[in-house]
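Report on the structure given below.
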Amino acid sequence: MTSKLFARRRFAAFALAAATVAAALPARAEGQLRIAEQFGIVYLLLDVAKDKQLIEKHGKKQGVDIKVEWAQLSGGAAINDALLSGSIDIAAAGVGPLLTLWDRTKGRQDVKGVASLGNFPYYLVSNNPKVRTIADFGEKDRIAVPAVGVSVQSRVLQLASAKVWGDAQYNRLDKLQVALPHPDATAAIIKGGTEISAHFANPPFQEQSLAGNPSAHVVLNSYDVLGGPASATVLYATTKFRAENPKTYKAFVDALAEAAQFVAANPDDAADTFVRRNNSRIDRALVLKVIKNPEVQFKLTPQNTYTLADFMARVGAIKNKPASAKDYFFDDAHNGAAN
């Protein structure tokens, strides 16, 4: 069974269970938290929180016994559908999917960002020796992304395209993109000989591809496109959930903060946690190298997200242009310096 099919079946079961719970209860009560995450080290803070039961720990400090349910999906589109359907409370995805949902729900569910999961450079990796820049992609190339036209990888590629060909052709490479979970796309790049000749990934899959295939090389670095370090992956929720579950919400944020402190102080233990929680076959040394990469920061405060927001508004990908990042992140202390 492919990881994509597995994710869909797992989500279907998760959504059915959530619907059953919702039907049985007249209203949501404090102490229930349903979180959807994806694949990669960018979700390490969630892995640590899960492994050490930090959400439950901080819930007790708030006087609440929190039951946490987890689902693993692939792509911002699936994550957004889950949040809008009420199947999850906290979504973990890229800034692109957050901005899409913030725009769609403005004045209704009012989805906003809870926190960043850190700063990570995302690499567009290709095993096609003829492709050295995005201008080299041909009609036969296929670029794997988590969600075409929605994921942060797809949006960053659109921004890069706009810089090369102008805003009018920002989506020029969308036709070459294929939605594929990171593990499957990584396997395709390493193996070679498939229709997938490039993969806009995240850590550790991009590093795994570079180490696993001598022909694999970096075509694009998201930091170069965005003008510096950026919080590509974030957490978000509806305004209603935050307002009606203040203790659960605070416990979740406090758990994230403790997880970030743990990763910074214990990178070796954090690497072990990632490998264990994800049943990962990725070399532990490679995982540790990613965690210790000076370009990587595990932190809650969003950084350099507005560059993408401004671009998406400029080309009409979102109808509402935010004045600043504070428009699409909740007014929490750790978001005070969001940009």
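The values are calculated or read from the model by the stated rules, or taken from the named source; none is laboratory data. The model shown is predicted, which means the values in this text are computed figures rather than measured ones. FYI the Cβ positions are ideal-geometry reconstructions off the backbone, even for glycines, and counts take in every protein chain you see. Surface accessibility is based on the protein's heavy atoms, side chains included, excluding ligands, DNA and RNA. Shrake-Rupley method; radii C 1.70, N 1.55, O 1.52, S 1.80 Å.
Checking (1) 19.6, 64; (2) 27.0, 97; (3) 19.1, 59 against the coordinates, the calculated Rg and Dmax of the Cα atoms in Å falls under label (3).
Between residue 323 and residue 215, the contour length at 0.36 nm per residue exceeds the alpha carbon distance by 34.6 nm.
The residues of segment 210-339 expose on average 46 square angstrom of accessible surface per residue, using a 1.4 Å probe on protein heavy atoms. Computing FRET efficiency as 1/(1 + (r/R0)^6) for residue 264 and residue 140, where r is the C-beta to C-beta distance and R0 is 35 Å, gives about 0.20.
Put a dot 7 Å past the Cα of residue 315, heading toward its Cβ, do the same for residue 243, and the two dots end up 3.4 nm apart. When you count the other C-beta atoms within 10 angstrom of each residue and take the mean per peptide, 242-253, 127-138, 37-48 line up highest first as 37-48, 242-253, 127-138. Between residue 125 and 199, 200, 201, 219, the built amide H atoms are under 5 Å apart, and every one of these is 5 or more places off in sequence or on another chain. As a quick test, which of the pairs 163/292; 289/326; 50/250 have an alpha carbon distance above 26 angstrom in this structure? Table pairs above 26 Å Cα-Cα are 163/292; 289/326.
Other residues whose C-beta falls under 12 angstrom from the C-beta of residue 61 contribute a net charge of 0, scoring Lys and Arg +1 and Asp and Glu -1.
Filter the cross-link list 61/247; 299/319; 57/247; 106/319 down to pairs whose alpha-carbon distance in this structure exceeds 19 Å. Distance filter (> 19 Å) returns 299/319.
Estimate the FRET efficiency between residue 69 and residue 169 by the formula 1/(1 + (r/R0)^6), using the beta-carbon distance for r and 30 Å for R0, to the nearest 0.05. After rounding, the FRET efficiency stands at 0.10. Spin-label pair residue 104-residue 57: with each label point 7 Å from Cα along the Cα-Cβ axis, the two points sit 3.6 nm from one another.
In whole Å, what is the distance between the alpha-carbon centres of segment 311-339 and segment 188-231? Comparing the Cα centres of segment 311-339 and segment 188-231, I get a distance of 28 Å. Let me have the 222 nm mean residue ellipticity of the chain computed from DSSP H runs of 4+ only, each contributing -39500 (n - 2.57), with the sum over all residues rounded to the nearest 500. Counting only the DSSP helices, I get -13500 deg cm²/dmol.
Solvent-accessible surface of segment 59-139, taken per residue with a 1.4 Å probe and all protein chains present: 35 Å². Taking 268, 283, 167 in turn, the Gaussian network model of the chain (Cα-Cα springs below 10 Å) assigns the largest fluctuation to 283.
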